[in-house]
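S.K.: Pasting a structure here, questions to come.
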Amino acid sequence: MIRCLDVTKSYTVGDRKVQALRGVTLEIPTPGFFAIMGQSGSGKSTLLHLLAALDRPDSGELFIGDKPVHQLTDKQATLFRRRELGIVFQQFNLIPTLTARENVELPGVLAGEDAKWVAERSTELMTDLGVIDRAHHRPEALSGGEQQRVAIARALLFSPRVLLADEPTGNLDSASSQKLWGLLGRVAQSHETTVVMVTHEPAAAAHCQSIFVIRDGRMTTIINTEGLDAAGVAARYQECLSAS
Amino acid sequence: MRPAWRLAIRNVSARRRRMGLLGAAVALSAALIAAIACAMAAVNASIGMQLETVVGKADIRIAAPGRTAQVPLELLETVKNWQGVRLATAHLEAEFPLAIDAPALQQARPASRGDTPTGPFMRTERTLRVAPLVRAVVDQAGWDLRPVQMLAGRLPTQPDEIAIDAFTASRLSVLAQEDLALNGIGVVVGDPERFALAPIPVPESVESPSEARRINDRQGARLGSVVQVRRVLAPPIDLTIVGITARPPLGGRPRGFMTFEGVSRVLNRSGQVTEIEILVEPGVDPVALVESRKAQLGEGLLIQTTARVTSGVENNLRSTQLAFILASILGLLSASFIILTGLNTDFAERRRELAVLRCIGASKTQLAQSQLLIGLILGVGGAAIGVPIGVGIAAVISAIFHAEIPSGLQVPLSGVLMSTIGTIAAGVLGAAWPAWRTIRMSPLEGLAARATSIGGRAIVICFIVAFALLLTHYLLVTLAGPGQGQYLFWGYVFIGLPCLFAGYFLMGVPATWLVTRVAAGPISKLMGLPPSVLRRSVHATPFRFGFTAGAMMAGLALMVAIWTEGGAFLRDWLGKMQFPDAFVSGLILPQEAQDKVDSMTEYVENSVALSVIPVETDAFGVRALQRYQTNFIAFDPDRFFTMMDVTWVQGDEPHAIEEMNKGGAVIVAREFLTAQGLGMGDTFKCRFEGVEHQFRIVGVVTSPGLELISRFFNIGEEFTAQAMHAVFGTRADAREKLGVDAIRVISIDLREDVSDADAIAALRRELFPYGIADAGSGRAMKHDIVEFVHGTLLVFSGIAVMAMLVACFGVANLVVAGIELRRFEFGVLRAVGAMPGLLVRLVLGEALLIALSASILGTLMGIQAAYAGTRLHALLFGILINLEPPVVPILAGWGFVFVLTLAAALPPVRRLAKRQPRELLAAMRG
């Protein structure tokens, strides 16, 4: 279970104070594939960063399982991200000077794991995600979709409980995006991982089992997508935005 | 630590070109330091060899005070029986004239003066002369204590035999006489082994100049030749040359070696020696032995440890070591700054990458460690490549200058360690700031938008800190007064110099910002760039550009400083010296020599005899490092002031002469006033052979350059007793108080209507029988000193250019990094229609701004450093010089900076021009 209890967070931009989250409370059951949706500036990426222990809330609590993410020290947060969490960004996921395989193995190198195990695990993941043929290529030689799959493989190296994806298809074409959403759903199922995807696209959210809608820093609605296609999700999402 | 290593190695191998550039800068710094260390060690080892030859291995010596007195030989047997004495021996030294008549080929002199000789070379006879310092030992132990390196033949065993060194042999050679300069120092002795070859027959005439020269080169004193001792009022004595020895390392006067009986016969003296030398038993304290035997010897003899003689040398060696350490630290700091700038740029480029690493579980420590390890890799790699190259350079220099540096290549462990460890430390130090930034960077910060502008506040803070450092340097050197030279020196070493260096380096940031603000517009117009692009591009990263300009400025600053100070030294100190027209010098010149000079009225207007006695004083130098003596120049005041042109700073001539004739009074050179505040009415204190003396100061004058003449003749040996400046007193005082009456120099005013060459030749010819060492022209000597200083300035300029070359690699790295960072930006420019040439001109425009900033900073730093140098000269050595930055060397330095900076930027710029827009835009991938 991923829980957020009355989480607030603000930033100072220039001489302006921006309240990104205004008391967000939510519970995400695990495992599964979930989306956090909102318009640009709604606070969804901020929430994701807090869940990833990349930042600390001004107030409130965040738990992933029984781990109080909001209280982790920097060292604890680092180890948490290394072994128990996976993160995929919209772009610049991969280290440009490393090959695809080296990128996947990177968390294992950082953890000082046995090289043989790391190699075997990376082969298994890259095969599963269909990028094993590109193992020795650098990111600049990979397509956008291939890069994101490599990023997902890296995120799954230690079989984390949670995989957070921040607009992972933002730079991809629709065909590649569809494939990636399908892939994330399959990962959630086959690896028993909770995948939480931040997106502003209804088509992406339609692949998820639930959608948490954030507006102006507050959690407003939870949309159950069962039986809804992309158009249906889009319509429900618009209703949520209009109603608030 | 393993993950940090793997991250570091991966980063280095992924950016080979850039890391290679940084590594090359570090390697070059290491090479420079190693080369200087080896060169200094070789020079010091050569000095050490000279010490053995000149001063010997003895622990204690016994001599008679003053040069004319001698030690009774019978004392040697007594000394040998002293407790604690392992070995005792004695030697007799004297200077006397040698001559040889040799055939030579010479062209007929033209009828008109000034025309070049023409026609065939005809056989003629020449008399070749020299007055070497001849040494004789009483037993074999004498040669053991002062080894002599034989080139050919053997040491003499009979009274009518002599071995001469290569310098003496060259002075007794026909060619050397032809090449002999007016200053009388003589030629550099190359290929000394040729003196072992017998002379070849001389035909009546030859046509070819080269044939004449070849034959003349084989004429004169050789192994087996007979030379004569020719003196006034004494029959000539024939001596057979049985050996040719090596010239003492680092020069010195001509030398010869005879048996004790032989020298005694020449001097018409027996049972007397110049010095008894003692080697003590292991474990015996020489100082204690000296104290215990002083009373036994009485006042007529002087016993002292030779440490008193060599301590000056060791102090001088120590001071050169300090100079080397300081120069090395500055060189390594420079390398550190280059690495800092390079790795900082690398950090900026990799911010997002580092943020992603943090996001996926890399700890701050791991990333910081990887940065430090990159610095370590650069340092180790730089040392591994640079130190052997530096040793190689030193080996080449030692081979080329093997005559001047006879010790050959020396590889000092301390110097190699300094270079190696220093380089590694420079690498790690340079990586420290980027490592710190890595620790402080939060992952979210790194993931944020790539372009973050530097606030003006950071630049202002940089300016304030830099200004404070430079002000500290300025106040430190300005506020010190006379008598505070010691504090100034150490304060400068530990505070002033680091403040200067760090201050100007930091000032690079605001300076580059300002220069860009002013010059970017005109440069943009000149290079056909859109307005503001160039300015904004540099202002976006002022620290990167500023620190790179800072790294580039160091070499120019060195060049400006040495030429400003060196030029001022030549102009204001040496240039103002009024050297005598001519002079003769010798170890002990008889009064008859002076009388003879006075009789040569067809050449001589006036003359005065001088005693030159080095006395110990604490007036000059850094006491912890160097002990400079000063010259007590003794003369007849009436004659002296008649012919010498001195300027009175305090006092006047009539009063000074009156007081000096009363006794116990001296005139001091103005350097005493400048350095110590000693002037009219003060007391001058000095020590001579262990006894303190005091004199009233009755005047302060500018120096007539006499002390330089004395040093010039003793060149190569002065390091045993370096004397600075002079005090002037009477010969009566020198005789009564110091016990010295020997004439060393006769200063001569020539007639206006005679040429220097004719006068010097006549003086040599006529005075040779009186035992002169040599005669020379004051003008020629001054010219030679000026040439020597110019040569030294050129050598240092070479080092400055090397420093700029090192910085070039930093510039190249910056340009490459800048291009990588802005690949996408360049791709967008190309995509919207910019030609490749625009990108080239933009990057070159940035390089021009770096060069301009570096040139301005380097000039200012050089001038400030030269100002500090003038203060140090004034307070440590009393030398007053005015700052006038020389335009030509500065412009040359600017030229080097611009050329090297643009040359460093060209290769990456050319590569950029060839890249297609799609390739540049692909920078966003990954």
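The values are calculated or read from the model by the stated rules, or taken from the named source; none is laboratory data. It should be emphasised that the depicted structure is a prediction, and the values quoted were computed from it without experimental measurement. When we count neighbours, we look across all protein chains shown, and the Cβ atoms used for this are built from the backbone with ideal geometry, even at glycine. Surface accessibility is based on the protein's heavy atoms, side chains included, excluding ligands, DNA and RNA. Shrake-Rupley method; radii C 1.70, N 1.55, O 1.52, S 1.80 Å.
S.K.: Considering only residues that are assigned to a helix (DSSP H, G or I) and touching a residue at least 40 places away in the same chain (Cβ under 8 Å), look in segment B:212-245 and name the one that is surrounded by the fewest Cβ atoms within 10 Å (Cβ to Cβ). Lay out the reasoning, then the answer.
M.R.: Step one: filter segment B:212-245 for residues assigned to a helix (DSSP H, G or I), giving B:212-216.
Retained after the next criterion (residues that are touching a residue at least 40 places away in the same chain (Cβ under 8 Å)): B:212, B:215-216.
On the way: B:Ala212: 21, B:Ile215: 23, B:Asn216: 24.
Here the residue is B:Ala212.
S.K.: Next question. Over 38 Å from the mean Cα position of the chain (by Cα), at pLDDT 75 or above, crowded, with 21+ Cβ neighbours inside 10 Å and assigned to a helix (DSSP H, G or I) - does that describe any residue in segment B:291-299?
M.R.: The answer is no; no qualifying residue exists.
S.K.: Condition test on A:Val7, is it modelled with pLDDT of 90 or more, at negative phi and either outside any loop (DSSP other than H, G, I, E, B) or among the aromatic types (Phe, Trp, Tyr) (or both)? Step through it out loud before you land on a result.
M.R.: On the way: modelled with pLDDT of 90 or more: yes; at negative phi: yes; either outside any loop (DSSP other than H, G, I, E, B) or among the aromatic types (Phe, Trp, Tyr) (or both): yes.
Yes.
S.K.: Which one of the conditions (1) surrounded by 21 or more Cβ atoms within 10 Å (Cβ to Cβ); (2) more than 12 Å from every other protein chain (Cβ to nearest Cβ) does A:Gln147 fail to meet, given that it meets all the rest?
M.R.: For A:Gln147, the failing item is (2).
S.K.: Among the listed residues B:Ala399, B:Ala431, B:Ala394, which satisfies the condition of being surrounded by fewer than 17 Cβ atoms within 10 Å (Cβ to Cβ) and outside any loop (DSSP other than H, G, I, E, B)? Before the answer, list the steps.
M.R.: On the way: B:Ala431 fails: surrounded by fewer than 17 Cβ atoms within 10 Å (Cβ to Cβ); B:Ala394 fails: surrounded by fewer than 17 Cβ atoms within 10 Å (Cβ to Cβ).
Result of the check over B:Ala399, B:Ala431, B:Ala394: B:Ala399.
S.K.: Sticking with this one: Just give me the residues in segment A:56-112 being more than 7 Å from chain B (Cβ to nearest Cβ), part of a helix (DSSP H, G or I) and of a type in the set (Val, Ile, Thr), in sequence order.
M.R.: Residues satisfying the conditions are A:Val69, A:Val104.
S.K.: Output yes when any residue across segment B:481-494 is modelled with pLDDT of 90 or more and assigned to a helix (DSSP H, G or I), and no when none is. Explain how you work it out, then say what you get.
M.R.: Residues of segment B:481-494 that are modelled with pLDDT of 90 or more, as a first pass: none.
No, segment B:481-494 contains no residue that is modelled with pLDDT of 90 or more and assigned to a helix (DSSP H, G or I).
S.K.: Could you check how many residues of segment A:56-68 are open to solvent by 40 Å² or more (accessible area, probe 1.4 Å), touching an Asp or Glu at 6+ places or on another chain (Cβ under 8 Å) and not hydroxyl-bearing (Ser, Thr, Tyr)?
M.R.: First, pick out the residues of segment A:56-68 that are open to solvent by 40 Å² or more (accessible area, probe 1.4 Å): A:56, A:58-59, A:61, A:66-67.
This time we only want the ones that are touching an Asp or Glu at 6+ places or on another chain (Cβ under 8 Å), so: A:59, A:61, A:67.
Still in the list and also not hydroxyl-bearing (Ser, Thr, Tyr): A:61, A:67.
Adding up the residues that qualify gives 2.
S.K.: Further, regarding this structure: Do we find a residue being part of a loop (DSSP other than H, G, I, E, B) and touching a strand residue (DSSP E or B) at 6+ places or on another chain (Cβ under 7 Å) anywhere in segment A:192-201?
M.R.: Yes, because at least one residue in segment A:192-201 is part of a loop (DSSP other than H, G, I, E, B) and touching a strand residue (DSSP E or B) at 6+ places or on another chain (Cβ under 7 Å).
S.K.: Which residue, of B:Leu902, B:Leu880, B:Leu876, is hydrophobic (A, V, I, L, M, F, W, C), at pLDDT below 90 and part of a helix (DSSP H, G or I)? Quick ask: steps written out before the conclusion?
M.R.: Details: B:Leu902 fails: at pLDDT below 90; B:Leu880 fails: part of a helix (DSSP H, G or I).
Among B:Leu902, B:Leu880, B:Leu876, only B:Leu876 is hydrophobic (A, V, I, L, M, F, W, C), at pLDDT below 90 and part of a helix (DSSP H, G or I).
S.K.: Is at least one residue of segment B:792-803 in contact with a strand residue (DSSP E or B) (Cβ under 7 Å, 6 or more places away or on another chain) and modelled with pLDDT of 80 or more? Can you show your working first?
M.R.: Quick first cut of segment B:792-803, residues in contact with a strand residue (DSSP E or B) (Cβ under 7 Å, 6 or more places away or on another chain) only: none.
The answer is no; no qualifying residue exists.
S.K.: Please count how many residues of segment B:742-780 are surrounded by fewer than 18 Cβ atoms within 10 Å (Cβ to Cβ) and closer than 30 Å to B:Val691 by Cα.
M.R.: Residues that pass the stated criteria total 0.
S.K.: Name the residue, out of B:Leu912, B:Leu920, that is open to solvent by less than 50 Å² (accessible area, probe 1.4 Å), away from every other protein chain (no Cβ under 14 Å), assigned to a helix (DSSP H, G or I) and within 30 Å of A:Pro139 (Cβ to Cβ).
M.R.: Working: B:Leu920 fails: away from every other protein chain (no Cβ under 14 Å).
B:Leu912 is the lone residue from the list that is open to solvent by less than 50 Å² (accessible area, probe 1.4 Å), away from every other protein chain (no Cβ under 14 Å), assigned to a helix (DSSP H, G or I) and within 30 Å of A:Pro139 (Cβ to Cβ).
S.K.: Taking only pairs six or more apart or across chains, which ones have beta-carbon atoms under 7 Å, a first residue in segment A:155-179 that is in a helix (DSSP H, G or I), and a second residue that is of a type in the set (Val, Ile, Thr) and buried (at least 18 other Cβ atoms within 10 Å of the Cβ)?
M.R.: A:Ala155/A:Ile87; A:Ala155/A:Val88; A:Ser177/A:Thr169
S.K.: Here's a follow-up. Can B:Arg544 be described as open to solvent by 20 Å² or more (accessible area, probe 1.4 Å), closer than 25 Å to B:Met804 by Cβ, at pLDDT below 85 and among the charged types (D, E, K, R)?
M.R.: Numbers: open to solvent by 20 Å² or more (accessible area, probe 1.4 Å): yes; closer than 25 Å to B:Met804 by Cβ: yes; at pLDDT below 85: yes; among the charged types (D, E, K, R): yes.
When the stated conditions are applied, B:Arg544 passes them.
S.K.: Okay, next question. Please name all residue pairs, on different chains or six or more residues apart, with Cβ atoms under 6 Å, provided the first residue is in segment B:261-289 and is open to solvent by less than 50 Å² (accessible area, probe 1.4 Å) and the second residue is among the aromatic types (Phe, Trp, Tyr).
M.R.: B:Val266/B:Phe96
S.K.: Still on this structure: Within segment A:103-126, is there a residue that is in contact with a Pro (Cβ under 7 Å, 6 or more places away or on another chain), open to solvent by 20 Å² or more (accessible area, probe 1.4 Å) and closer than 28 Å to A:Cys208 by Cα? Write out each step before concluding.
M.R.: Start the filter on segment A:103-126 by keeping residues that are in contact with a Pro (Cβ under 7 Å, 6 or more places away or on another chain), which leaves A:109-110, A:112.
Pick out the ones that are also open to solvent by 20 Å² or more (accessible area, probe 1.4 Å) and you get A:112.
If we keep only those that are closer than 28 Å to A:Cys208 by Cα as well, we get none.
No, that holds for no residue.
S.K.: Same structure again: Say whether the condition of being touching a Pro at 6+ places or on another chain (Cβ under 6 Å), at pLDDT 90 or above and within 10 Å of chain A (Cβ to nearest Cβ) is met by at least one residue in segment B:362-369.
M.R.: We begin by selecting, within segment B:362-369, every residue touching a Pro at 6+ places or on another chain (Cβ under 6 Å); these are B:366.
Retained after the next criterion (residues that are at pLDDT 90 or above): B:366.
Subset that is within 10 Å of chain A (Cβ to nearest Cβ): B:366.
Checked segment B:362-369: at least one residue is touching a Pro at 6+ places or on another chain (Cβ under 6 Å), at pLDDT 90 or above and within 10 Å of chain A (Cβ to nearest Cβ).
S.K.: Name the single residue that is modelled with the highest pLDDT among those in segment B:822-873 being touching a Pro at 6+ places or on another chain (Cβ under 9 Å) and either open to solvent by 40 Å² or more (accessible area, probe 1.4 Å) or of a type in the set (S, T, N, Q) (or both).
M.R.: B:Thr859
S.K.: Pull out all pairs, ordered by first then second residue, where Cβ-Cβ is under 8 Å, the residues are six or more apart or on different chains, the first lies in segment B:523-550 and is in contact (Cβ under 8 Å) with a residue 60 or more places away in the chain, and the second is hydroxyl-bearing (Ser, Thr, Tyr) and part of a loop (DSSP other than H, G, I, E, B).
M.R.: Note: pairs meeting the criteria are B:Ser524/B:Ser532; B:Ala540/B:Ser453.
S.K.: B:Val477 fails exactly one of the following numbered conditions: (1) open to solvent by 30 Å² or more (accessible area, probe 1.4 Å); (2) more than 30 Å from B:Ala246 (Cα to Cα). What is the number of that condition?
M.R.: With (1) open to solvent by 30 Å² or more (accessible area, probe 1.4 Å); (2) more than 30 Å from B:Ala246 (Cα to Cα) applied to B:Val477, the lone miss is (1).
S.K.: For A:Arg134, are the conditions met, namely being touching a residue at least 12 places away in the same chain (Cβ under 8 Å), more than 9 Å from chain B (Cβ to nearest Cβ) and either of a type in the set (Lys, Arg) or open to solvent by less than 10 Å² (accessible area, probe 1.4 Å) (or both)? Working first, answer last.
M.R.: Values: touching a residue at least 12 places away in the same chain (Cβ under 8 Å): yes; more than 9 Å from chain B (Cβ to nearest Cβ): yes; either of a type in the set (Lys, Arg) or open to solvent by less than 10 Å² (accessible area, probe 1.4 Å) (or both): yes.
So A:Arg134 fits the description; yes.
S.K.: Just one of B:Ala568, B:Ala609 is in a helix (DSSP H, G or I), aliphatic (A, V, I, L, M) and open to solvent by less than 30 Å² (accessible area, probe 1.4 Å); which is it?
M.R.: The match here is B:Ala568.
S.K.: With the condition kept exactly as written, say whether any residue in segment B:143-150 is within 30 Å of B:Val290 (Cα to Cα) and at pLDDT 90 or above. So that I can check it myself, show each step before the final result.
M.R.: If we filter segment B:143-150 for residues that are within 30 Å of B:Val290 (Cα to Cα), which is where we start, we get B:143-148.
Pick out the ones that are also at pLDDT 90 or above and you get none.
No, there is no match, as no residue in segment B:143-150 is within 30 Å of B:Val290 (Cα to Cα) and at pLDDT 90 or above.
S.K.: Taking the condition within 14 Å of another protein chain (Cβ to nearest Cβ), surrounded by 17 or more Cβ atoms within 10 Å (Cβ to Cβ) and not small (Gly, Ala, Ser), does B:Met441 pass?
M.R.: Yes; evaluated as a whole, the condition is true for this residue.
S.K.: Does segment B:66-77 contain at least one residue that is assigned to a loop (DSSP other than H, G, I, E, B), open to solvent by 50 Å² or more (accessible area, probe 1.4 Å), modelled with pLDDT of 85 or more and in contact with a helix residue (DSSP H, G or I) (Cβ under 8 Å, 6 or more places away or on another chain)?
M.R.: no
S.K.: Out of everything in segment A:24-55 that is open to solvent by less than 20 Å² (accessible area, probe 1.4 Å) and touching an Asp or Glu at 6+ places or on another chain (Cβ under 7 Å), what residue ends up being farthest from the other protein chains (Cβ to nearest Cβ)?
M.R.: A:Ser42
So that you can scan it fast, the table gives a plain yes or no per residue for (1) assigned to a helix (DSSP H, G or I); (2) at positive phi; (3) surrounded by fewer than 19 Cβ atoms within 10 Å (Cβ to Cβ):
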| residue | (1), (2), (3) |
| --- | --- |
| B:Arg123 | no, no, yes |
| B:Arg126 | no, no, yes |
| B:Arg129 | no, no, no |
| B:Val134 | no, no, no |
| B:Ala152 | no, no, no |
| B:Pro159 | no, no, yes |
| B:Phe167 | yes, no, no |
